[in-house]
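A short worksheet on the structure shown next.
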Amino acid sequence: MQVDFSTPGRLDAQYVAEDGSRQVPVMLHRAMIGSFERFIGILIENYAGAMPPWLAPVQAVVLNITDSQSDYCFEVCKLLKRKGFRVETDIRNEKVGFKIREHTIQKVPYLLVVGDREVEGGQVAVRARSGEDLGTMTIDEFSSLLTKEVEKKGRTA
């Protein structure tokens, strides 16, 4: 339940009190969705949009350098989704720097860049949201890293 003091005034709602004067009522209503929206707003403000991996809507994006890595990007995405992660691919015909910048602005926790070397080695080049290059990893190594981050649920210890 929510006590709303402002809406009745905006609606020009009134009632006649026992003394004959007109009064603005106080409104009581259920605010299930409103409460949820405020909670999400508080989370976004608290994290400045940079949600931790356990909370981020997209935990990682797989980026190709050229079209020849597209199939491998889809394969990596499919493997990570099977493990329960929220992953997307970006195989647009754009420069990789442009794609990295775009997803960094969107505050995606991890970017997985795939070139010919990564395809040959069955790996991904991992880049954190902070811009830190975490090096080349196998899919299982990255999966393990992300699993540890998700299990922490934001705790630092």
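Please verify whether the range 111-131 includes one or more residues that are in the same structural domain as F85 (by TED's automatic domain parsing), modelled with pLDDT of 95 or more and among the hydroxyl-bearing types (S, T, Y). Looking for residues that are in the same structural domain as F85 (by TED's automatic domain parsing), modelled with pLDDT of 95 or more and among the hydroxyl-bearing types (S, T, Y), one finds none in the range 111-131, hence no. Where residues in the range 136-157 are modelled with pLDDT under 95 and of a type in the set (G, A, S), which of them is nearest to V62 (Cα to Cα)? Only one residue tops the list, namely G154.
Conditions tested, residue by residue: (1) farther than 30 Å from D4 by Cα; (2) among the small types (G, A, S); (3) free of Cβ contacts under 8 Å to residues at least 60 places away in the same chain; (4) buried (at least 17 other Cβ atoms within 10 Å of the Cβ).
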position	(1), (2), (3), (4)
F36	no, no, yes, no
P52	yes, no, no, no
P57	yes, no, yes, no
T66	yes, no, yes, no
L79	yes, no, no, no
K83	yes, no, no, no
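Within the range 9-48, the set of residues being modelled with pLDDT under 90 and either in contact with a strand residue (DSSP E or B) (Cβ under 9 Å, 6 or more places away or on another chain) or outside any helix (DSSP H, G or I) (or both) comprises M27, L28, H29, R30, A31, G34, S35.
Among the residues in the range 62-82, are any touching a strand residue (DSSP E or B) at 6+ places or on another chain (Cβ under 7 Å), of a type in the set (F, W, Y) and closer than 30 Å to G41 by Cα? Scanning the range 62-82 turns up no residue that is touching a strand residue (DSSP E or B) at 6+ places or on another chain (Cβ under 7 Å), of a type in the set (F, W, Y) and closer than 30 Å to G41 by Cα.
Checking each residue in the range 92-114 for being surrounded by fewer than 19 Cβ atoms within 10 Å (Cβ to Cβ) and either touching a helix residue (DSSP H, G or I) at 6+ places or on another chain (Cβ under 7 Å) or in a loop (DSSP other than H, G, I, E, B) (or both) picks out R92, N93, E94, K95, Q106, K107. Evaluating E45 against the criteria (1) acidic (D, E); (2) over 25 Å from K153 (Cα atoms); (3) surrounded by fewer than 10 Cβ atoms within 10 Å (Cβ to Cβ) leaves one unmet condition, (2).
Among all residues of the range 119-132, there is at least one that is under 16 Å from S70 (Cβ atoms), of a type outside the set (G, A, S) and either free of Cβ contacts under 8 Å to residues at least 60 places away in the same chain or not in a strand (DSSP E or B) (or both). Among the candidates A56, A13, the residue that is over 21 Å from K107 (Cβ atoms) and among the hydrophobic types (A, V, I, L, M, F, W, C) is uniquely A13. Filtering the range 74-91 to residues that are part of a helix (DSSP H, G or I) and either closer than 12 Å to Y110 by Cβ or out of contact with any Asp or Glu (no Cβ under 8 Å at 6 or more places or on another chain) (or both) leaves F74, E75, V76, K78, L79, L80, K81, R82.
The values are calculated or read from the model by the stated rules, or taken from the named source; none is laboratory data. What you are looking at is a predicted structure, and each value in this text was computed from that prediction instead of being measured. As a convention, Cβ positions derive from the backbone with ideal geometry for all residues, glycine included, and neighbour counts pool all protein chains shown.
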